[in-house]
Amino acid sequence: MTAAQVFQICNSIAPLAWILLIFFPKWKWTRIIILQGIIPLILGVVYLSLIVLFFGEGEGDFNSLNGVMKLFTHPWTVTAGWIHYLAFDLFIGSWEVSNSQKLGIKHYLIVPSLLLTFFFGPIGLLLYFLTKGINTKQFLHDF
């Protein structure tokens with residue numbers, strides 16, 4: 001399998017998971033495969049595999065911007081990096097849904113947070129905390 005194929009498979013799974021989180025947050029299968037962490041864990045296993053198999057094959061390092069830019073010129077490193085984002089953003093989106101359900105926040109109020117988390121990670125998380133704070137008066141409580 002090539003880096004492009006692994007990228008394509010993982011990049012196709014993640015949006016499907018986000019669709020479940022956004023449109024079917026209480027559906028049995030959303031709870032099983034997304035909210036219990038199965039898809040983020042699968043992405044984590046793929047990530048781990050790529051790190052074990054290919055880390056160090058490309059040039060670069062984490063010590064400088066130029067080093068990181070070089071690191072992300074190797075196809076397998078870029079694929080691993082992208083899967084890292086997919087897994088963590090999906091995990092955060094899953095947490096936002098679970099936490100909002102636990103706190104009784106109406107789902108439609110967190111959909112903007114989910115969309116922003118999907119596209120822009122930390123910005124969505126910031127919006128979730130703001131939404132949670134406004135609706136529960138608990139800005140950082142129950143994190």
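The values are calculated or read from the model by the stated rules, or taken from the named source; none is laboratory data. Model, not experiment: these values are computed from the prediction. Here Cβ is always computed from backbone atoms with ideal geometry, including for glycine, and neighbour counts include all displayed protein chains.
Go through the stretch 92-116 and give me each residue that's assigned to a helix (DSSP H, G or I), in contact (Cβ under 8 Å) with a residue 12 or more places away in the chain and buried (at least 18 other Cβ atoms within 10 Å of the Cβ). Once the filter is applied, which keeps residues that are assigned to a helix (DSSP H, G or I), in contact (Cβ under 8 Å) with a residue 12 or more places away in the chain and buried (at least 18 other Cβ atoms within 10 Å of the Cβ), the stretch 92-116 yields I92, G93, S94, E96, V97, S100, I110, S113, L114. In the stretch 45-71, the residues that are more than 20 Å from A87 (Cβ to Cβ) reach residues that are outside any loop (DSSP other than H, G, I, E, B) with C-beta atoms within less than 6 angstrom, at least six apart or across chains, in these pairs: G58/L71; G58/T77; E59/K70; G60/G67; G60/K70; G60/L71; D61/G67.
In this structure, is E96 among the charged types (D, E, K, R), at pLDDT 90 or above and touching a helix residue (DSSP H, G or I) at 6+ places or on another chain (Cβ under 6 Å)? Taking the combined requirement at face value, the residue satisfies it. The condition of being closer than 23 Å to A4 by Cα, surrounded by fewer than 19 Cβ atoms within 10 Å (Cβ to Cβ), among the β-branched types (V, I, T) and touching a Gly at 6+ places or on another chain (Cβ under 9 Å) does not hold for T136. Just to check your reading of the model, which residue among I9, I32, I13 is within 12 Å of the chain's Cα centre (by Cα) and either farther than 23 Å from L127 by Cβ or surrounded by fewer than 16 Cβ atoms within 10 Å (Cβ to Cβ) (or both)? Of the residues listed, the single one that is within 12 Å of the chain's Cα centre (by Cα) and either farther than 23 Å from L127 by Cβ or surrounded by fewer than 16 Cβ atoms within 10 Å (Cβ to Cβ) (or both) is I13.
Does F62 meet the test of being under 20 Å from I19 (Cβ atoms) and loosely packed, with under 13 Cβ neighbours inside 10 Å? Before you say what the answer is, go through the steps one by one.
Values: under 20 Å from I19 (Cβ atoms): no; loosely packed, with under 13 Cβ neighbours inside 10 Å: yes.
Considered against the rule, which asks whether it is under 20 Å from I19 (Cβ atoms) and loosely packed, with under 13 Cβ neighbours inside 10 Å, F62 comes out as no.
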